[in-house]
2 protein chains.
Amino acid sequence: MSTDLPQFKDVVAAHERIRKFVHRTPVLTSSGINEIFSSSLFFKCENFQKVGAFKFRGATNAILSLPEEDAQKGVGTHSSGNHAAALALAARMQGIQAHIVMPRTAPEIKKKAVRGYGGIITWCEPTLESREATMQEVVDRTGVTFVPSYDHFNIICGQGTAAKELIEEAGELDIVMGPVGGGGLISGTAISTKGMLPSARVIAIEPAGADDAYRSFTSREFIPSVNPQTIADGLLTSLGKLTFRVILDKVDDIVTVSEEAIVAAMRMIWERMKIVVEPSGAVPLAAIIENKIDVAGKRVGLILSGGNLDLAKLPFK
Amino acid sequence: MSTDLPQFKDVVAAHERIRKFVHRTPVLTSSGINEIFSSSLFFKCENFQKVGAFKFRGATNAILSLPEEDAQKGVGTHSSGNHAAALALAARMQGIQAHIVMPRTAPEIKKKAVRGYGGIITWCEPTLESREATMQEVVDRTGVTFVPSYDHFNIICGQGTAAKELIEEAGELDIVMGPVGGGGLISGTAISTKGMLPSARVIAIEPAGADDAYRSFTSREFIPSVNPQTIADGLLTSLGKLTFRVILDKVDDIVTVSEEAIVAAMRMIWERMKIVVEPSGAVPLAAIIENKIDVAGKRVGLILSGGNLDLAKLPFK
């Protein structure tokens, strides 16, 4: 793995690599929402991606970038979220094995998804130490390659293909926005945007209750996440070392949003666009609703990162 | 208005008429759902139609079919559902006035939708007598043309354009399914299907708790709906005189589904396809879930009729 920062040419190469295996998701617009904000919003619908989230792009790219010999031994990760399901399906589609380390306490629906995609689950305790130790044990025992969920050159390049497709379809944009958690998606988004539309601004949006990226970006010092609280459960993780470097290099601004705005954005997307988006995916629109970004008269791209959530626990009242 | 039954050529003419004004909604497929049922299902997503339901097609066709002189005087209807919003928006888009008679007890969200589209609301009491009397009073006073919500030649032809687009996109189909309430959608669907794919079967699906169409179809005698009970609130109405004739002529079968199956179908569509569909729109898939129709190995088209519902009152547990 190169430790240089990924460049747009690397995203282009990733796109060639994964194109046959990922959905080219639609870019949707809503005249009702555009009217409300006097702007043209373009939503890249990664909720329609395989496994219901952009994570499938990075996982597929990481697997296809492995030397054949390593690939045959399989891949592994520790995750209880979308990356686990994405890696399991991406592995199955390439005919290789995926080992997923998950805490016993993970939601039943997540376990089911991983099993449904043919992933082999190894249980661990719900602590980072146990996850990492169990992962290492699995790697030693099986010879699989560990594929982290965001802080990885090939993962970032894979995630960047979503913004590449968005810009190919929407054309000129003044602003491109995405949520930031670990930073894989926003790093890839920034690389593609600056590569294709050098004068467009890239803005990362983060829940105020999990604002380590905002604080790291503002202070230009890596500040890990401590006890983050947000409904946007995909954005609880700390930035990675590599993603932080890309963000410092290529993201123009990071703004934070309230929990109320995230729920209002979810509701607006569900009601007006008739699509199911998870809280993390609604975070960019939340920044527009909360007036954190001036979009009047502008053409704005938003990455809707995914659509996986428990329908029995929705926040609408 | 012709009292002859509408023919496929009338749907073709309607399509030419409304094409510029309606969304050509996508036809979505889900490899996960196809796997579960060992078949190829094609979902025509009228939840993405303007106002969130197929009703916009019929309303637009009815307005565009009016003689210029009548059109200038405006249109009116009594409805508290999707047809009211559809007629209001369709009228506004043609630069004419829509008068909507609504019971005072209608949900606030429906009133807001009609007002948002520029419709003029006249209140009535929540009885059919009051609705009809108030409508007549509005017609006498303003000279608007009454546009009923389903039992009308031009409404049926407009609704038939959804199945026409579905078949244009999906190609050969063995079965085409739609929900049946008043019968406007299934009538148009049957006309288009028999016109384009003469050997395909057309199956109407109805909630068991509102099975007047099933009983009418089976006995071949018009049996009105009495005290229907179903979560699929778009399907509470009785068949119309004209729609019943079309159904007897062109629909191959009507089957009923349980409330549990409707909720299970909604859940499957929301979870797997990441789109918001209202209970009525999930009714066709419910028949497949309940094994009422043998779809194994078949290519099946389903009309997802709409996506309007109260997010604070979802049936998921």
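Residues checked against (1) crowded, with 24+ Cβ neighbours inside 10 Å; (2) assigned to a loop (DSSP other than H, G, I, E, B); (3) at pLDDT 95 or above:
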position: B:G160; (1), (2), (3): yes, no, yes
position: B:A163; (1), (2), (3): yes, no, yes
position: B:I167; (1), (2), (3): no, no, yes
position: B:E172; (1), (2), (3): no, yes, yes
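With the checklist (1) in contact (Cβ under 8 Å) with a residue 24 or more places away in the chain; (2) surrounded by fewer than 21 Cβ atoms within 10 Å (Cβ to Cβ); (3) assigned to a loop (DSSP other than H, G, I, E, B) in hand, flag the one item A:Y150 doesn't pass.
The number of the failed condition is (2).
Considering B:S130, B:S80, which residue is without any contact (Cβ under 8 Å) to a residue 60 or more places away in the chain, touching a strand residue (DSSP E or B) at 6+ places or on another chain (Cβ under 8 Å), small (G, A, S) and assigned to a loop (DSSP other than H, G, I, E, B)? Outline the logic, then answer.
Values: B:S130 fails: assigned to a loop (DSSP other than H, G, I, E, B).
Sole residue among the options that is without any contact (Cβ under 8 Å) to a residue 60 or more places away in the chain, touching a strand residue (DSSP E or B) at 6+ places or on another chain (Cβ under 8 Å), small (G, A, S) and assigned to a loop (DSSP other than H, G, I, E, B): B:S80.
Hey, A:S79 hits all of (1) among the hydroxyl-bearing types (S, T, Y); (2) over 30 Å from B:Y117 (Cα atoms); (3) touching a Lys or Arg at 6+ places or on another chain (Cβ under 8 Å) but one; which does it fall short on?
The number of the failed condition is (3).
Looking only at the range A:180-202, decide whether some residue is over 19 Å from A:V11 (Cβ atoms), in contact (Cβ under 8 Å) with a residue 24 or more places away in the chain and part of a helix (DSSP H, G or I).
no
Any idea which residue in the range B:64-82 is surrounded by the most Cβ atoms within 10 Å (Cβ to Cβ), counting only those that are farther than 20 Å from B:E132 by Cα and either within 14 Å of chain A (Cβ to nearest Cβ) or not charged (D, E, K, R) (or both)?
Here is the first cut: in the range B:64-82, the residues farther than 20 Å from B:E132 by Cα are B:64-72.
From the residues that got through so far, the ones that are either within 14 Å of chain A (Cβ to nearest Cβ) or not charged (D, E, K, R) (or both) too are B:64-67, B:71-72.
Numbers: B:L64: 19, B:S65: 22, B:L66: 18, B:P67: 8, B:A71: 18, B:Q72: 13.
The extreme case among them is B:S65.
Quick one: B:R115 ticks every box in (1) farther than 30 Å from B:K298 by Cβ; (2) buried (at least 24 other Cβ atoms within 10 Å of the Cβ) except a single one, so which number is it?
With respect to (1) farther than 30 Å from B:K298 by Cβ; (2) buried (at least 24 other Cβ atoms within 10 Å of the Cβ), B:R115 is out only on (2).
If you go through the range B:253-278, how many residues are more than 14 Å from chain A (Cβ to nearest Cβ) and either among the aliphatic types (A, V, I, L, M) or farther than 19 Å from B:I223 by Cβ (or both)? So that I can check it myself, show each step before the final result.
Of all residues in the range B:253-278, those more than 14 Å from chain A (Cβ to nearest Cβ) come to B:253-262.
Those still in the list that are either among the aliphatic types (A, V, I, L, M) or farther than 19 Å from B:I223 by Cβ (or both) too: B:254-255, B:257-262.
Result for the range B:253-278: 8.
Can you tell me which residue among B:F43, B:F21, B:F8, B:F37 is surrounded by 21 or more Cβ atoms within 10 Å (Cβ to Cβ) and at pLDDT 95 or above?
Of the residues listed, the single one that is surrounded by 21 or more Cβ atoms within 10 Å (Cβ to Cβ) and at pLDDT 95 or above is B:F43.
Going through the range B:298-313 one residue at a time, which ones are surrounded by 17 or more Cβ atoms within 10 Å (Cβ to Cβ) and within 14 Å of chain A (Cβ to nearest Cβ)?
Listed by number, the residues that qualify are B:L304, B:S305, B:G306, B:G307, B:N308, B:L309.
Go through (1) in contact (Cβ under 8 Å) with a residue 24 or more places away in the chain; (2) of a type outside the set (F, W, Y); (3) within 14 Å of chain B (Cβ to nearest Cβ) for A:K250 and report which single condition fails.
Result: A:K250 fails condition (3) only.
What about B:S65, is it of a type in the set (S, T, N, Q), at positive phi and at pLDDT 95 or above?
Details: of a type in the set (S, T, N, Q): yes; at positive phi: no; at pLDDT 95 or above: yes.
Against the criterion (of a type in the set (S, T, N, Q), at positive phi and at pLDDT 95 or above), B:S65 does not qualify.
Among the residues in the range A:255-273, are any within 17 Å of A:V202 (Cα to Cα), assigned by TED's automatic domain parsing to the domain that holds A:T193 and in a loop (DSSP other than H, G, I, E, B)? Give the steps one after another, and end with the answer.
Restricting attention to the range A:255-273, the residues satisfying the condition of being within 17 Å of A:V202 (Cα to Cα) are A:255-257.
Right, trim to assigned by TED's automatic domain parsing to the domain that holds A:T193 and you get A:255-257.
Checking which are in a loop (DSSP other than H, G, I, E, B) leaves us with none.
No, the range A:255-273 contains no residue that is within 17 Å of A:V202 (Cα to Cα), assigned by TED's automatic domain parsing to the domain that holds A:T193 and in a loop (DSSP other than H, G, I, E, B).
Out of (1) within 21 Å of A:Q159 (Cβ to Cβ); (2) touching a Gly at 6+ places or on another chain (Cβ under 6 Å), the odd one out for A:K274 is which?
Unmet condition: (1).
Could you grab me the full set of residues in the range B:74-90 that are touching a Gly at 6+ places or on another chain (Cβ under 7 Å) and over 14 Å from B:Y150 (Cα atoms)?
B:A88
Restricting to the range B:83-112, name every residue that is touching a helix residue (DSSP H, G or I) at 6+ places or on another chain (Cβ under 8 Å) and assigned to a helix (DSSP H, G or I). Outline the logic, then answer.
Step one: list which residues in the range B:83-112 are touching a helix residue (DSSP H, G or I) at 6+ places or on another chain (Cβ under 8 Å), which gives B:83-91, B:93-94, B:96-103, B:110.
Those that are touching a helix residue (DSSP H, G or I) at 6+ places or on another chain (Cβ under 8 Å) and assigned to a helix (DSSP H, G or I): B:H83, B:A84, B:A85, B:A86, B:L87, B:A88, B:L89, B:A90, B:A91, B:M93, B:K110.
So is A:T218 buried (at least 23 other Cβ atoms within 10 Å of the Cβ), in a helix (DSSP H, G or I) and not small (G, A, S) or not?
no
For A:P198, only one of the following conditions fails: (1) surrounded by fewer than 20 Cβ atoms within 10 Å (Cβ to Cβ); (2) in contact with a helix residue (DSSP H, G or I) (Cβ under 9 Å, 6 or more places away or on another chain). What is its number?
The one condition A:P198 does not meet is (2).
Has the range A:13-31 got at least one residue that is assigned to a loop (DSSP other than H, G, I, E, B), within 14 Å of A:I156 (Cβ to Cβ), of a type outside the set (S, T, N, Q) and within 18 Å of the chain's Cα centre (by Cα)? Talk me through it step by step, then tell me what you get.
First, the residues of the range A:13-31 that are assigned to a loop (DSSP other than H, G, I, E, B): A:19-26, A:29-30.
Filter again for within 14 Å of A:I156 (Cβ to Cβ), leaving none.
No; the residues of the range A:13-31 include none that is assigned to a loop (DSSP other than H, G, I, E, B), within 14 Å of A:I156 (Cβ to Cβ), of a type outside the set (S, T, N, Q) and within 18 Å of the chain's Cα centre (by Cα).
Among the residues of the range B:37-70, how many are without any contact (Cβ under 8 Å) to a residue 60 or more places away in the chain, over 16 Å from B:K164 (Cα atoms) and part of a helix (DSSP H, G or I)? Can you show your working first?
Just the residues of the range B:37-70 that are without any contact (Cβ under 8 Å) to a residue 60 or more places away in the chain, to begin with: B:50, B:56, B:64, B:67-69.
So of that shortlist, the ones also over 16 Å from B:K164 (Cα atoms) come out as B:50, B:64, B:67-69.
Add one more test, that the residue is part of a helix (DSSP H, G or I), and what stays is B:50, B:64, B:68-69.
Total satisfying the criteria: 4.
Taking the stated definitions as given, is A:P228 within 14 Å of chain B (Cβ to nearest Cβ) and assigned to a loop (DSSP other than H, G, I, E, B)? Before the answer, list the steps.
Details: within 14 Å of chain B (Cβ to nearest Cβ): no; assigned to a loop (DSSP other than H, G, I, E, B): yes.
Criteria not met by A:P228.
Does at least one position in the range A:56-73 carry a residue that is of a type in the set (A, V, I, L, M), more than 21 Å from A:D151 (Cα to Cα) and in contact with a helix residue (DSSP H, G or I) (Cβ under 8 Å, 6 or more places away or on another chain)?
Looking only at the range A:56-73, we keep the residues that are of a type in the set (A, V, I, L, M), and these are A:59, A:62-64, A:66, A:71.
The next check asks that each one be more than 21 Å from A:D151 (Cα to Cα); those that pass are none.
For the range A:56-73, residues of a type in the set (A, V, I, L, M), more than 21 Å from A:D151 (Cα to Cα) and in contact with a helix residue (DSSP H, G or I) (Cβ under 8 Å, 6 or more places away or on another chain): absent.
Looking at the range B:280-295 only, could you name the residues that are surrounded by fewer than 24 Cβ atoms within 10 Å (Cβ to Cβ) and either within 14 Å of chain A (Cβ to nearest Cβ) or more than 25 Å from A:K112 (Cα to Cα) (or both)?
Going through the range B:280-295, the residues surrounded by fewer than 24 Cβ atoms within 10 Å (Cβ to Cβ) turn out to be B:289-295.
If the condition is that a residue be surrounded by fewer than 24 Cβ atoms within 10 Å (Cβ to Cβ) and either within 14 Å of chain A (Cβ to nearest Cβ) or more than 25 Å from A:K112 (Cα to Cα) (or both), then B:K292, B:I293, B:D294, B:V295 are the ones that fit.
The values are calculated or read from the model by the stated rules, or taken from the named source; none is laboratory data. Treat the numbers as computed from the prediction; the structure is a model and nothing was measured. All Cβ positions, even for glycine, are placed from backbone atoms using ideal geometry, and neighbour counts span all protein chains on display.
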